[in-house]
Amino acid sequence: MTSTVGEDTAASTGRAARRRDRRKAEMIAAALQILSSSGYQGLRFEDVAERTDIAKATLYHYFPSKDALVSAALEKLTTDVLTRLGEVLDTVAEQSPTEQLRALVAGQLHVLTVLYPEVGALFSFPAPWPAEHGDAIKTMRRRHDRIFRRVVDEGVDAGEFDCPDPSVALHCLHGILNHASIWLRPDADPDGRTRDAVVEEALRLFVRA
């Protein structure tokens with residue numbers, strides 16, 4: 001009997017933890033949507049609570065302040081994006097730098113247009129952020145850029161890439177991708193031709209003609 005009671009308690013605790021994690025993920029997703037459309041100043045706990053259909057007081061049980069929610073949202077977003085790009089690179093690890101960069105560009109475009117449309121707005125366009133989050137965003141951007149920079153440096157060393165200034169080329173690359181996230185809609189490009197064209201045009205910044 002004791003064993004059964006203990007198992008039931010453990011199962012109940014596990015279900016409660018999963019519900020809590022799901023609810024927390026919903027709050028973070030709502031915060032990201034508001035941040036991308038309205039910026040830091042436009043994020044209000046009332047709006048997050050309304051979008052997730054919970055009481056504002058309940059939201060405070062998960063995040064004691066607006067800044068705590070923002071920090072969690074930005075870190076979750078960055079972790080998911082970097083994990084996704086790392087998985088993309090793993091699939092082409094034995095291929096040439098050109099193919100690795102092609103896969104990265106396609107993966108980043110997928111992130112921007114399908115998985116996390118909020119990325120372009122949050123990390124690319126000027127917005128008034130408190131110093132705490134501004135520094136965090138800069139750090140997150142550097143973590144992201146290192147993935148691309150490593151592949152570009154390998155391509156330059158191998159003689160595959162011909163760009164006088166890789167840093168400038170990378171800035172241009174991210175400009176292309178972030179802007180594409182504004183107008184490129186997957187539902188309007190079912191066969192992926194436009195997406196593939198964007199990828200190939202972006203590669204022209206690096207690959208010898």
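Just a few scattered comments:
- Averaged per residue, segment 26-94 has 49 square angstrom of accessible surface, using a 1.4 angstrom probe with ligands and nucleic acids left out.
- Efficiency of FRET between T79 and R22 - r from beta-carbon atoms, R0 22 angstrom, step 0.05: 0.80
- Segment 20-155 shape via C-alpha gyration tensor axes, a/c threshold 1.5: prolate
- Nearest-ten-degree value, helix 97-110 long axis tilted from longest Cα axis of the chain: 40
- Within straight-line reach of K76, meaning a Cα separation under 15 Å, sit the following aspartates and glutamates at least 8 residues removed in sequence or on another chain: D21, E26, D67, E118.
- Computed from Cα positions, the angle between helix 66-91 and the longest principal axis of the chain comes to roughly 50 degrees.
- Degrees separating the helix 131-157 axis from the principal Cα axis of the chain, which is the longest one: 40
- Amide H contacts of V207: D162, each under 5 Å away and 5 or more positions distant or on a separate chain (H built 1.01 Å from N in the peptide plane; Pro and chain starts excluded).
- Total charge dipole magnitude, the chain, about the Cα centre, Cβ charges on Lys, Arg, Asp, Glu only, Debye to nearest 20: 700
- Against the criterion of solvent-accessible heavy-atom surface with a 1.4 angstrom probe, H179, H133 sort, most first, into H179, H133.
- Farthest toward the positive end of the dipole of the chain, out of Y116, G86, P64, is the Cα of P64, where the dipole comes from beta carbon charges about the Cα centre.
- Sorted largest first by accessible area at a 1.4 angstrom probe radius, with every protein chain in place, the residues R204, R22, R141 fall in the order R204, R22, R141.
- The heavy atoms of T139 present about 60 square angstrom of accessible area, all protein chains included, probe 1.4 Å.
- Distance (nanometres) between label positions extended 7 Å along Cα→Cβ at A158 and E99: 0.9
The values are calculated or read from the model by the stated rules, or taken from the named source; none is laboratory data. Values in this document were obtained by computation on a predicted structure and should not be read as measured data. Please note: Cβ atoms are built from the backbone with ideal geometry, for glycine as well, and neighbour counts cover all protein chains shown. What goes into the accessible areas is simple: the full protein's heavy atoms, side chains included, and nothing from ligands, DNA or RNA. Shrake-Rupley method; radii C 1.70, N 1.55, O 1.52, S 1.80 Å.
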